[in-house]
Structures are given as C-alpha cells and as structure tokens.
Amino acid sequence: MEFTPLMDRQRQFFRSGVTLDLSRRKQALRDLLREIEAREDELLAALHADLGKAPFEGYMTEIGLVREEIRCHLKHLDHWARDKWVPTPLSQFPARSIRHPEPYGVVLIMAPWNYPIQLSLEPLIGAISAGNCAVLKPSAYAPACSHALKELISACLPDNWVTVVEGGRAENQALLEQPFDYIFFTGSPAVGRLVMEKASVHLTPVSLELGGKSPVIVTADADLPLAARRIIFGKLLNAGQTCVAPDYLLVDRKVQEKLTELLQQEITHFLGQTPLDHPDYPRIINEKHLHRLKSLLTGGRVVCGGTVKEGRIAPTLMDNLESDAPVMQEEIFGPILPILPFDTLEEAMDFVSRRPKPLALYLFSRDKGVQKKVLTRLSFGGGCLNDTIVHLTSPHLPFGGVGASGMGAYHGKASFDTFTHVKSILIRGSRPDLDLRYHPYSDKKERLLRRFLREF
C-alpha cells in the first residue's frame, strides 16, 4: 500500500501557502460546519449502525460537541494565531522578541471506533485551525461512520488539504511508515506504544490520547443519590465504551450498601427492568470485545446484570472482589462497575496512586478539605468534582492524559497549540553594537560581562 503520492500532493499544497491564510482556514471551518449540519441525519444514522447509539446520545456526545468546537475556533482563531510580543532582556538592547505560531505541515490523525465522529473531527478542527494539511484515518471497526466521514470531508474540503483514508490494520501500518510532521493518535495504550515507536523513526512529535482505569471515589459525606445518578450516567454512556468512563468505584465502607442500592435503582430508572431490551442502550462494538467483557465477570460477586443478549451486556455491578480479579487488571471499556470499599481516605488514595496514572478521576465529597487533598495528592489527566465525564465537553478545558494514560492535550486553544510550532524570534537593532561579546576575550571583558548580566 503506497501513500507516498498522497503525501507529495499534500506537501505541495502546504508549500503553496494556502493554509497559512487565516481567512482560508476560517472558511474551511465554516464549510465543515455547514456540511456537518447538512449531513446530521446521515451521521446519526451511521452512529446507530455501528454502535446502536440513539440520536439523542449521538448528538449529545458527538455532533453537538464538534459543532461547539468549530464555533470556538472561529471565534478565537484570529487571537490565537497572532504573533505574541514577549519581554526582551535589557542586555539585548535594542531588540524585540516575538513568538510566531506556524503549522507543522502534514499531520496524521488516527481515530478510534468508540466516538468515531467526535474523536475524528475534533482533532481535525485543531489541525485545520493551525494551518496544517491532514490525513484522517478513522477506525475500521466503525465502517458506517468511516464512510460517512469520507463523504463529509470530500464534500467540503479539497483532497490535497484533508484526505480521509479508510481501511484497517494494513492501512494503519502503511501510513505510519510515512514521514508525517505530527501524529495525533487516540486509542489503547498498547497501540499507542506502537505508534510512538513508528514515530520515533522519523523523530515525529506525537499526541497520544490513551486510557486506563479511571477511579471514582465516594466519601461518606457525599450526596449519595446525586453520586449514584451521575456515576451511572458516566458508566452507561455508550455502554461504557468511553475512555474516561468510571472504571471502578472506591466507596467509604460505611455507605457502600446504601450507594450500591442507589446505583441499582438508577440503572432501572435509566433503562427499565430489562435494559437489554431498551432501544436507546448501545451495543458492544463487536463479538471480540463482548467476549472479553464476559471474561471479566469472575473473581467477585455479580450484584446485578452480567447477562448478554444480541451484542449487548447488561449494566453490571460487582463487589467482594479478589485482589487478582480480572476486572481490576485492565481497562474495562464496557458497562461493568467494580465496587471496592475503603475505611480511610488515605487508603483510597494509596490504592489509586500505586497504579498507573489514570486518564480521569472523579470525586464525590462535600468536604472542601477532602477535595483539595485528593486533587493535589493524586496525578491524573483530568476529572470532575461531584460529577463524571462532563469535563471533556468544555472547549476551555484541555483534555489529555498523563503518564500511561497519554501525552499531549486538545480541545479549544489546546488543539490549536497542539498542531502549532512556535518560532521564537529576536529582532535586533544595528546600534549600539558593543564589542563585549566578541573576540578577543579578556579578563576586563569577563568582569564587565559578569557585572552586566548580574545587573540585568
């Protein structure tokens, strides 16, 4: 599979300077927004075909967020793209210093299957906004969305500016052999390592949006009914196939029983007595992942759920977990929630800190001291106090991981910055031109230099 001609076309287009024109970038974003609005029904239908998402959920978690992201970039792009004047040391007088943003060039965006529209288009918006050409590679696991994205992009952007490449592993591997100027990858840590390895051959910078086991901590003073409602919302969104979904629940032992009851009630409130028959409950993406989820239901007690029907697995709560339970060894990425009690907050924080840094952390507590302690002591990508997941919906909050959960961030200005190289430029005047720094060196010059630098 040969992508060199594609790369050559995009590099030629980039060298033409078209993408450096802010008015052209903004027009491209407006064209993209217009086409998304015109094809909304098609995109929602594709999401339903691939994942069984209801139109409401498809719009809430994908289409609506993408539209908001575009509007944010259109509103702020002029400001983001300006040269920034910064202070200049007096020792450089007369001179001025600027930070000049420029696009990287031709970038690769590799998107996952779980939010195939949102996680394809949001990084693409940043790439266009910053002035790059882009190759977008959607996931083959969501073929309807992949095709819809290709049709969408082809209808509003020139092929030598943005190209959608469909296909599977072979296409991924062939693309990663190309010398891109930047790679933005969203997916599993295992594949992220492979992407980073391939990028290292060409010394290509990367953003890796990965995952991990994102904890929820619930203290005894929390608003338990609210906590239950918001935990179940975050867990059941997209049937748990969300990188920042609550992965496991740490709850104060004193309120474990009460919270477990409330969680079960919320499941019923959301999806009725037979969740697997609810028309708005999404499917697991394929049989491979469904089988993997079923294999996690050992090593503990299934409190509720655990049943499987027509590609869906019922919302499941587990407790009485053994230390080596399968459900605690990997990111779940499905509607299974392990519940683990703790006796002290220190115990809960120690449990989290001994594991790889999570992409998200959620804390339910009314105690400001507890909130401050958790936020300052534990390292994680981002999260919420007294809610789950919704932090990623704001274009003003950079979204990304730390450690094993990823590197780099995007959304809003962070997306523009991710796809931008900043050139640092010193503009010097010609006079005066002191000979202090020039050969020949001397003891007198050194004394003057030391004094000069100390004073300035």
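Since every read-out is calculated from the coordinates, none of them should be taken as a lab result. Since this is a predicted model, take the numbers as computed values, not measurements. Cβ sites come from the backbone with ideal geometry, for glycine too, and all protein chains shown count toward neighbours.
Kirkwood analysis of the Cα pair distances in the stretch 215-400 returns a hydrodynamic radius of 16.6 Å.
Multiplying the residue separation of Ser379 and Cys304 by 0.36 nm and subtracting their alpha-carbon distance yields 23.8 nm. With neighbours defined as other Cβ atoms within 10 Å of a residue's Cβ, the residues Leu44, Leu375 order from fewest to most as Leu375, Leu44.
Comparing Cα centroids, the stretch 366-421 and the stretch 234-311 end up 25 angstrom apart. Each helix, a run of at least 4 DSSP H residues, gives -39500 (n - 2.57); summed and divided by the residues of the chain, these come to -12500 deg cm²/dmol at 222 nm. Listing Glu346, Glu266 from fewest to most neighbouring C-beta atoms within 10 Å gives Glu346, Glu266.
Relative contact order (percent) for the stretch 1-155, with alpha-carbon contacts under 8 angstrom and 6 or more residues of separation? Kindly include the intermediate steps, with their values, before the conclusion.
Working: 185 pairs, mean separation 46.7, N = 155.
30 percent.
Annotation for Lys150 and Lys84: the two label points, set 7 Å from Cα along the Cα-Cβ direction, are 4.0 nm apart. For helix 22-38, what angle does its Cα long axis make with the longest principal axis of the chain, in degrees from 0 to 90 and rounded to 10? With rounding to tens, the tilt is 20 degrees.
Output the peptides 24-33, 113-122, 432-441 sorted from most to least packed, where packing is the average of other Cβ atoms within 10 Å over each peptide's residues.
Working: 24-33: 17.8, 113-122: 25.7, 432-441: 9.3.
Ranking the peptides 24-33, 113-122, 432-441 by packing returns 113-122, 24-33, 432-441.
Its Cα centre serving as origin, the stretch 215-400 has a Cβ charge dipole (Lys and Arg +1, Asp and Glu -1) of approximately 340 debye. Beta bridges per DSSP, both residues in the chain: antiparallel share near 35 percent. Residues Val106, Val201, Val165, Val390, arranged from fewest to most other Cβ atoms within 10 angstrom of their Cβ, appear as Val201, Val390, Val165, Val106.
Please work out the Cα convex hull volume for the chain and give it in Å³ per residue.
On the way: hull volume 83.8 nm³, N = 456.
Per residue, the Cα convex hull of the chain comes to 184 Å³.
Using a 7 Å offset from the Cα along the Cα-to-Cβ direction at both Arg253 and Lys75, what is the distance between the two label points in nm, to one decimal? About 4.9 nm separates the two model spin labels. Sorting the segments 240-253, 183-196 by their mean number of nearby beta carbons within 10 angstrom, highest to lowest, gives 240-253, 183-196.
Each of Leu262, Pro432, Pro246 was placed along the dipole of the chain (beta-carbon charges, centred on the mean Cα), and the one lying farthest toward the positive end is Pro432. DSSP bridge analysis restricted to the stretch 223-346 gives an antiparallel fraction near 40%, rounded to the nearest 5. Once both labels are positioned 7 Å from their Cα atoms along Cα-to-Cβ, the gap between Ser91 and His291 label points is 6.6 nm. Computed on the stretch 41-136, the Cα convex hull volume stands at 122 Å³ per residue.
What order, most packed first, do the peptides 81-92, 334-345 have when packing is the mean number of other Cβ atoms within 10 Å of each residue? Spell out each step's value before the answer.
Values: 81-92: 12.3, 334-345: 20.7.
My ranking of the peptides, most packed first, is 334-345, 81-92.
Shape verdict for the stretch 187-259, please, from the Cα gyration tensor: rounded (a/c under 1.5), prolate (a/b greater than b/c) or oblate. Walk me through the numbers before you get to the answer.
Numbers: a/c = 4.27, a/b = 3.03, b/c = 1.41.
Because a/c hits 1.5 or more and a/b exceeds b/c, the stretch 187-259 counts as prolate.
By how many nm would the segment from Arg437 to Arg11 lengthen if fully extended, with 0.36 nm per residue of separation less the alpha-carbon distance?
On the way: separation 426, 0.36 × 426 = 153.36 nm, distance 4.13 nm.
Length gained, Arg437 through Arg11: 149.2 nm.
Taking Lys373 as the anchor, which lysines have their alpha carbon closer than 18 Å to its alpha carbon, excluding any fewer than eight residues away along the same chain? Of all the lysines, those that pass the test against Lys373 - Cα under 18 Å, at least 8 places apart if same chain - are Lys357.
Within the straight-line cut-off of under 18 Å between alpha carbons, the lysines reachable from Lys137 are Lys150, Lys198, sequence neighbours fewer than 8 places apart in one chain being disregarded.
Quick one: of Lys213/Lys254; Lys53/Lys294; Lys26/Lys372; Lys254/Lys368, which pairs are farther than 29 Å apart, Cα to Cα? Please list the in-between numbers first.
Details: Lys213/Lys254 24 Å; Lys53/Lys294 21 Å; Lys26/Lys372 41 Å; Lys254/Lys368 20 Å.
Flagged as over cut-off: Lys26/Lys372.
Would you list which lysines come within 21 Å of Lys258, measuring only between C-alpha atoms, while excluding same-chain residues fewer than 8 positions from it? Leaving aside lysines fewer than 8 places away in the same chain, those within reach of Lys258 are Lys235.
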